[in-house]
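Student: Here you go, one structure.
The values are calculated or read from the model by the stated rules, or taken from the named source; none is laboratory data. Computed from a prediction, not measured in an experiment: that's the story for all the values here. Here the Cβ positions follow ideal geometry from the backbone for every residue, glycine too, while neighbour counts run over all protein chains shown. Surface areas here come from the heavy atoms of the whole protein model, side chains and all, with no ligands, DNA or RNA. Shrake-Rupley method; radii C 1.70, N 1.55, O 1.52, S 1.80 Å.
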Amino acid sequence: MKLIIITSPDFLPGEARILTELFKAGLDLLHLRKPEAEIYEVESLLQEIPMEYRSRIVIHDFFLLKEKYSLGGIHLNSRHPEAPENYHGLLSRACHSLEEVETTTPRFDYVLMSPVYDSISKQGYRSGYSTEALRQAQEKGIINEKVIALGGISEANLAEIKSLGFGGAALLGDIWNRYHAWEDTEQLLTHFRKLKHCAE
């Protein structure tokens, strides 16, 4: 099962360094999402990430940076609902209902389905699915290896995500809530390695 990390929406001190360490620890994909950022700020962050890991980055805005920095792909959203003409690379988007997952998945490399559990990073953003509905969706083939679970993902529910047939899990709050200072990243990395082990 793949593990994806979505960046904090804000820039963090020492962020490039911790992202690099997460790649070294086995991070499959990073979603670079900075909705309020200027393009030069995103470029500065990318420039600090070693070239060997950039193909594992999927960018949410500023799609022209995909080619410039040899990134892995782009993520479509309400601000940017269409891929550029003649686009090549990973293509993903978010889905917020099982119906949307069913109709959208065939056109994308993968989709992020949320919120599977109550969100950790967005207060009041509650799960939209019962376990029974997820099981039925798995039986019908709606949840498959191209569907990534997002929302409230933590060590406590990774095994269930795996058993429900998801192709991976996307983490946000569970990772960045543990990031307090760039000088001390070992706790976060140890936690990530545990998650990686659970996902295998």
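Student: Leaving out ligands, DNA and RNA, what percent of the accessible area of the chain is carbon and sulfur, probe 1.4 Å?
Tutor: 49 percent
Student: Can you give the net charge of the other residues whose Cβ lies under 15 Å from the Cβ of Asn86, counting K and R as +1 and D and E as -1?
Tutor: Residues near Asn86 contribute -2 overall.
Student: So if I take the centroid of the Cα atoms in the stretch 59-109 and the same for the stretch 1-58, what is the distance between those two points in Å?
Tutor: 17 Å
Student: While we're here: Helix-only estimate, please: 222 nm mean residue ellipticity of the chain, summing -39500 (n - 2.57) across DSSP H runs of length 4 or more and dividing by its residues, to the nearest 500.
Tutor: Helix-only estimate at 222 nm: -8500 deg cm²/dmol.
Student: Report the equivalent ellipsoid semi-axes for the chain in whole Å, largest first, defined as the square roots of five times the eigenvalues of the gyration tensor built from alpha carbon atoms.
Tutor: Each semi-axis is √(5λ); the values are 26, 21, 15 Å.
Student: With only Lys, Arg, Asp and Glu charged, each at its Cβ (+1 for the first two, -1 for the last two), find how big the charge dipole of the stretch 2-199 is about the Cα centre; round to the nearest 20 debye.
Tutor: The calculation lands at about 420 debye.
Student: Starting from the Cα gyration tensor of the stretch 1-70, take the square roots of the eigenvalues, sort them a ≥ b ≥ c, and report rounded, prolate or oblate (rounded when a/c is under 1.5, otherwise prolate if a/b is larger than b/c, else oblate).
Tutor: Judged from the Cα gyration tensor, the stretch 1-70 comes out rounded (a/c under 1.5).
Student: Another question, if that's okay. Can you compute the FRET efficiency between His80 and Thr190 using 1/(1 + (r/R0)^6), with r the Cβ-Cβ distance and R0 = 45 Å? Round to the nearest 0.05.
Tutor: It comes out at approximately 0.80.
Student: A further question on this structure: Just want the answer: with Cβ charges of +1 for Lys and Arg and -1 for Asp and Glu, which residue in Ile148, Ile18, Leu164 is farthest toward the dipole's positive end in the chain?
Tutor: Leu164
Student: Let me ask something additional. Which value in nm describes the separation of the simple spin-label points at Lys140 and Ser163, placed 7 Å from the Cα toward the beta carbon?
Tutor: Placing both labels 7 Å along Cα→Cβ, they lie 2.2 nm apart.
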